[in-house]
Amino acid sequence: MDNGHEISIKRDMLTLGIESSCDETAVALVSRESSGEVRVHAHLILSQVQEHTPYGGVVPEIAARAHIFHIHRLLDAVVKRGGVHFSDIKLVAATSGPGLIGCVMVGLMAGKGMALGLGVPFVGVNHLAAHILVPLLTCSVAFPYTALLVSGGHTQVVHVQGVDDYVVLSSTKDDALGEAFDKVARLLGLGFPGGSALEKRAAWGNPTAYAFPRPMLGAADPSFSFSGLKTAVRQTVEKLTLTERAVNDVAASFQQAVVEALCDRLRRACRLRWTGRLCVVGGVAANQYIRVGLEALAREEGMQLIVPEPKLCTDNGAMVALAGLLSYEKRVRDELLTTRAQARWPLAQISVS
Ligand code: KG4
Ligand code: ZN
C-alpha cells in the first residue's frame with residue numbers, strides 16, 4: 001500500500017462512495033482497518049439497462065433523471081445494509097468526472113449535500129482512478145502495477161505508481177473496446193449492451209470463419225484502435241444473411257481479432273514500464289475469452305494477472321469510496337466548495353507527485 005508518508009487520519013474512517021457517471025446509480029460504505037485491510041460494509045448498484053434498452057444505448061437525459069429518482073432510496077438502503085447510522089460516516093466521496101455531465105452532477109450534488117449535512121469532509125473522485133484502484137479492494141497488490149481499463153467509455157493501460165500517481169501508457173485512438181463490442185452486437189441484432197450477449201454467441205462460432213483486421217498489430221506505438229475492425233465487421237455483415245450460424249461465426253471472429261490486437265498492444269505498453277503485475281478492470285474484463293488471452297500473455301511475459309470479480313470491475317460505489325478514502329489519506333482536505341462536475345478529466349491531470 002501507499003506507505004511513503006504519514007497518514008494523519010484514523011484508518012478506520014467509514015467512507016460513503018457515490019457513483020453516477022453513466023447508467024449505474026451505485027453507493028457503498030468502505031473503511032480501511034488499522035491493518036490496512038479494506039472492508040466493504042455495504043455495496044448497492046442499481047442498473048438502468050431497462051430504461052435505455054428501447055433506445056439501443058444510454059440516453060443522457062433519461063440517465064440523469066433516473067439517478068435523481070433512485071439516489072435517495074439507495075443512500076437510505078446502503079446505511080441500513082451496512083448496519084450503521086448516517087452519523088458513523090466520516091468522509092463522503094463521489095465521482096466528479098469524467099462522465100455524462102448531467103449524471104455526474106446528480107451524484108456529486110448528493111454527495112456534497114450529505115457531507116454538508118453530516119459535517120464531514122467531501123472528496124471528488126476521478127472515475128478512471130476509481131476503476132484502476134479496484135484491485136486494492138480485494139487483494140493486497142503492491143505499487144507499482146499496470147492496470148488495463150477496458151469499459152464502454154475507456155480503453156487505457158496505466159502505470160499505477162501510487163494513489164493519485166498515474167502514467168497513461170496507452171489509450172485508444174477511436175472507439176473504446178466495450179463500445180466496439182456494443183456496436184458489433186448491434187450489427188448482429190444482439191441488443192444493448194451487447195458485450196456479454198456477443199460473448200455467448202461467439203462461444204458457438206468459428207473464430208477463423210472471417211479474416212477481420214487486427215488493428216495496429218505490430219505497431220511501435222502501443223495505442224489501441226477499434227473503429228477499423230468495427231467497420232470491417234459492418235461491411236461483412238452487410239453482405240451476409242444473418243443466420244444463427246453466421247452470427248455466431250462473426251461474433252467469434254470479431255472476438256478473436258480483438259484478443260490478438262488487445263494482447264499485442266498490451267504487451268508493448270507493459271514493456272514500456274515493467275511492473276510484473278497486470279490488473280484488468282472495466283466491464284469487458286468479464287469476458288472469459290479475453291481473460292484466457294490475457295492469461296496466456298501474462299504467462300509469456302512473466303506477469304501476475306489480477307482480475308477482480310465482475311461486480312467490482314463494472315461501475316460501483318465501492319471503488320469510488322476506496323479511491324476517495326485513499327486520496328484523502330494521502331492529502332487531507334475538503335473539496336466541498338472546490339470540486340466541480342467535469343465531462344472530461346484525463347488521469348494525467350490528477351497526478352500530484
Ligand atoms: O465498466 P462498464 O460497466 O461501464 C462503463 O462503460 O464504465 O462497462 C460496460 C461495457 C459495455 O460496453 C459492455 O458491453 C461491456 O462492458 N461488457 C462486455 C462483457 N460484459 C460487459 N464486453 C465483452 N464481453 C463481456 N462479457
Ligand atoms: Zn466505468
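Protection proxy ranking of 118-126, 64-72, 240-248, 25-33, by the mean of other Cβ atoms within 10 Å over each peptide's residues and highest first, is 25-33, 118-126, 64-72, 240-248. In segment 171-275, one over the average inverse separation of all distinct C-alpha pairs is 13.9 Å, which is the Kirkwood hydrodynamic radius. As a ratio to 2.2 N^0.38 Å, the alpha-carbon radius of gyration for segment 62-211 is 1.30. Couplings for segment 318-324, taken from phi via the Karplus curve 6.51 cos²θ - 1.76 cosθ + 1.60 with θ = phi - 60°, read 5, 5, 6, 4, 5, 4, x Hz in order; Gly and Pro are left as x. Sorted largest first, the principal axis extents computed over the alpha-carbon atoms of segment 16-59 equal 47, 14, 13 Å. If I take all pairs of Cα atoms in the chain, what percentage of them are more than 35 Å from each other? Summing the P(r) of the chain above 35 Å gives 23 percent of all pairs. Accessible surface area normalised per residue over segment 1-110 is 46 Å², counting heavy atoms of protein chains with a 1.4 Å rolling probe. Kirkwood radius, segment 249-338, all distinct C-alpha pairs, inverse of mean reciprocal distance: 15.3 Å.
Each residue of segment 174-186 is assigned a 3J(HN,Hα), and the resulting list reads 9, 6, 6, 5, x, 5, 4, 4, 5, 5, 5, 4, 5 Hz, derived from the Karplus form 6.51 cos²θ - 1.76 cosθ + 1.60 (θ = phi - 60°), x at Gly and Pro. Tilt of helix 227-238 relative to the longest C-alpha principal axis of the chain, in degrees (0 to 90, nearest 10)? Approximately 50 degrees, to the nearest 10. Set against the 2.2 N^0.38 Å expectation for a compact globular protein, segment 67-126 has a Cα radius of gyration ratio of 1.11. The H on the amide N of Arg277, modeled in the peptide plane, is under 5 Å from the matching H of Thr146, Gln304, each at least 5 residues off or on a different chain. Placing R0 at 35 angstrom, the Cβ-Cβ distance between Asp174 and Asp88 gives a FRET efficiency of 0.15 after rounding to 0.05. A simple rule links phi to the HN-Hα coupling: the Karplus curve 6.51 cos²θ - 1.76 cosθ + 1.60 with θ = phi - 60°, which for segment 116-130 gives 5, x, 8, x, 10, x, 10, 10, x, 10, 6, 4, 5, 4, 4 Hz, with x for Gly and Pro. Across segment 1-146, the mean sequence separation of Cα contacts (distance under 8 Å, 6 or more residues apart), normalised by length, yields a relative contact order of 27 percent.
Taking Lys173, Lys183 and ordering them by how much accessible surface each has at a 1.4 Å probe, largest first, produces Lys173, Lys183.
Checking every one of the trypsin sites (Lys or Arg not before Pro) in segment 252-340 against DSSP loop status and a limit of 15 other Cβ atoms within 10 Å picks out Arg273, Arg331, Arg333, Arg340. If I model a spin label at Tyr55 and Cys139 as a point 7 Å from the Cα along the Cα→Cβ vector, what separation in nanometres do I get? Computed distance between label sites Tyr55 and Cys139 equals 3.8 nm. Legend: residues Trp345, Trp204, Trp274, sorted from most to least accessible area (1.4 Å probe; ligands, DNA and RNA excluded), read Trp204, Trp274, Trp345.
Summary value for segment 67-148: 29 percent relative contact order, contacts being C-alpha pairs under 8 angstrom separated by 6+ residues.
Taking every lysine pair in the chain that is 8 or more places apart or spans two chains, those with Cα atoms closer than 19 Å amount to 13. Of all beta bridges that DSSP places with both ends in the chain, some 60 percent have antiparallel geometry.
Computed over the Cα atoms of segment 121-202, the ratio of the radius of gyration to the Kirkwood radius (Rg/Rh) comes to 1.08.
Working from Cα pairs under 8 Å separated by at least six residues, relative contact order for segment 266-353 is 28 percent.
In this structure, Thr243 and Val292 have a Cβ-Cβ separation that, at R0 = 25 Å, corresponds to a calculated FRET efficiency of about 0.40.
The values are calculated or read from the model by the stated rules, or taken from the named source; none is laboratory data. Keep in mind it's a predicted model, so treat the numbers as computed, not measured. Quick reminder, even Gly has a Cβ in these numbers, built from the backbone with ideal geometry, and neighbours come from all protein chains shown. The accessibility values were calculated without ligands, DNA or RNA, using every heavy atom of the protein model including side chains. Shrake-Rupley method; radii C 1.70, N 1.55, O 1.52, S 1.80 Å.
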